[in-house]
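Before any comments, here is the structure.
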Amino acid sequence: MAKFQARARALDMLGRQQIAGIPTAISELFKNAHDAYANEVIVDYFRSDKLFVLRDDGYGMTREDFEEKWLTLGTESKLNQIPDKTLPNVLPGNERPVLGEKGIGRLAIASIGDHVLVLSRAKRKDGLHDLVMSFVYWKMFEIPGINLDQVHIPIKTLGFKEFPNEKDFEELSNEVIDNIIKLRKQNFITEEESLNLLRPLEKMSLVVEKIDSYLEGPSLKEIGHGTHFFICPADEMLELSIDGDDNDDKASPLLKALIGFSNTMFPDSPKSKIKTSFRDHKTDEYFIDHITENQFWTPDEYLMADHHIKGEFDKYGQFKGSVKEYEKDFPDHIISWKGN
């Protein structure tokens, strides 16, 4: 009996090669944080080390979630899934529409960098779960001639209040190295291919505990929960996406993709579901947050606007609400859709 098989390169083609660019990839990760009911998602990019860190304080993933959802391709759409009854209850009125539907966010990470350390601690109705730690070496999925199940993804769990140290990362990295050596011995890859894969790993070290100590915002220490990604080195295209064209006064690709993701006009409103930041550390002492409220509509700018529209559309396309044009108010304003 014949059956389909998937090459490892299929993952690269479905993920990195289908993403329009790094800003789109980051936007997909923001959507995932939103869908995990995070209150905050922050990116810190350190130019000196080319270190990219994305952190959220959402529900996080258990080990089962990570293996059966994050590492599983073609999972059912979030829009059609039965609600997870283990998740904490969402208060009425605070429900969120699902933004990430296609499941490409996790694959999009590959466009940001080849080496991705994933940390996640789940918050569920029964409390906090163990911290899940995994290292994904995306260049493994570029190798021609090997199947998807031949690429090993190392996973480790740490107990309550435990936090990864340098040795924990080395254990995961060594498992990837062993996987590469095994593929070489079995003649699935050449000596040159194995050396090209091994060289970056031999130089790589991620001391998460040290990085976490000088980052402001969500942390997985103590009772923290959510999902964090550490990518080093980030792809050189990231800085081009941040800076844009020096000779062009238009917004950079990163700003275009991420600006306005959260509601900066009403930051204190219950409907402002999530706060986002992209902190570009140009030096160790200085950073610019490219998507703060000052980069988009602030509450003061909203009040100064000439036109205010507030209302809703019904299922027939009819608008009903209030409109303010300059200083003149039009309450209970109705606009019917002629194409109904």
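Over all directions, what mean area does the Cα convex hull of region 249-340 project, stated in square nanometres?
Working: hull surface 37.3 nm².
Averaged projected area of region 249-340's Cα convex hull equals 9.3 nm².
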Once every DSSP H run of n ≥ 4 in the chain is given -39500 (n - 2.57) and the sum is divided by its residues, what mean residue ellipticity at 222 nm do you get, rounded to the nearest 500 deg cm²/dmol? -7000 deg cm²/dmol
Fraction of the pair-distance distribution of region 25-179 above 24 Å, Cα-Cα pairs, percent: 37
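What area, in nm² and to one decimal, does the C-alpha convex hull of the chain cast on average over all directions?
Values: hull surface 93.8 nm².
Over every viewing direction, the Cα hull of the chain projects on average to 23.5 nm².
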Counting only protein heavy atoms and rolling a 1.4 Å probe, one gets per residue an accessible area for region 189-314 in Å² of 63
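What do you get for chymotrypsin sites (Phe, Trp or Tyr not before Pro) in region 264-340 restricted to DSSP loop and a cutoff of at most 13 other Cβ within 10 Å of the site's Cβ? Spell out each step's value before the answer.
On the way: sites: PHE278, TYR286, PHE287, PHE296, TRP297, TYR302, PHE313, TYR316, PHE319, TYR326, TRP337; in loops: TYR286, PHE296, TRP297, TYR316, TYR326, TRP337.
Those satisfying the criteria are TYR286, TYR316, TYR326, TRP337.
For region 253-327, which GluC sites (Glu not before Pro) are in a loop by DSSP, counting at most 12 other Cβ atoms within 10 Å? Let's see the in-between values first.
Values: sites: GLU285, GLU293, GLU301, GLU312, GLU325, GLU327; in loops: GLU285, GLU327.
Of the GluC sites (Glu not before Pro), the ones in loops of region 253-327 whose Cβ has at most 12 other Cβ atoms within 10 Å are GLU285, GLU327.
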Vicinal HN-Hα couplings computed from phi for region 156-172 (Karplus, 6.51 cos²θ - 1.76 cosθ + 1.60; Hz; Gly/Pro x): 9, 10, 10, x, 4, 6, 7, 9, x, 10, 4, 5, 4, 5, 4, 4, 5
Between region 309-340 and region 20-49, how many Å separate their Cα centres? 35
Residue-span extension gain [GLU301 to ASP178] - 0.36 nm each, minus C-alpha spacing: 38.6 nm
Kirkwood hydrodynamic radius of region 198-253, from inverse mean 1/r over distinct Cα pairs, in Å: 14.6
Calc'd 3J(HN,Hα), region 125-136, phi into Karplus 6.51 cos²θ - 1.76 cosθ + 1.60 (θ = phi - 60°), Hz, glycine/Pro = x, comes to 4, 8, x, 7, 9, 4, 7, 9, 10, 8, 10, 10
Compute the normalised compactness of region 188-330: alpha-carbon radius of gyration over 2.2 N^0.38 Å, N being the residue count. 1.56
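With a cut-off of at most 13 other beta carbons within 10 Å, and DSSP calling the residue loop, which trypsin sites (Lys or Arg not before Pro) in region 136-196 qualify? Please list them. The partial results should precede the final answer.
Working: sites: LYS139, LYS156, LYS161, LYS167, LYS182, ARG184, LYS185; in loops: LYS161.
Answer by residue number: LYS161.
The values are calculated or read from the model by the stated rules, or taken from the named source; none is laboratory data. Bear in mind that the values here come from a model prediction, so they are computed numbers and not experimental data. Ideal geometry is used to build each Cβ from the backbone, glycine not excepted, and the neighbour counts take in all protein chains shown. The area values use the complete protein model at the heavy-atom level, side chains included, leaving out ligands, DNA and RNA. Shrake-Rupley method; radii C 1.70, N 1.55, O 1.52, S 1.80 Å.
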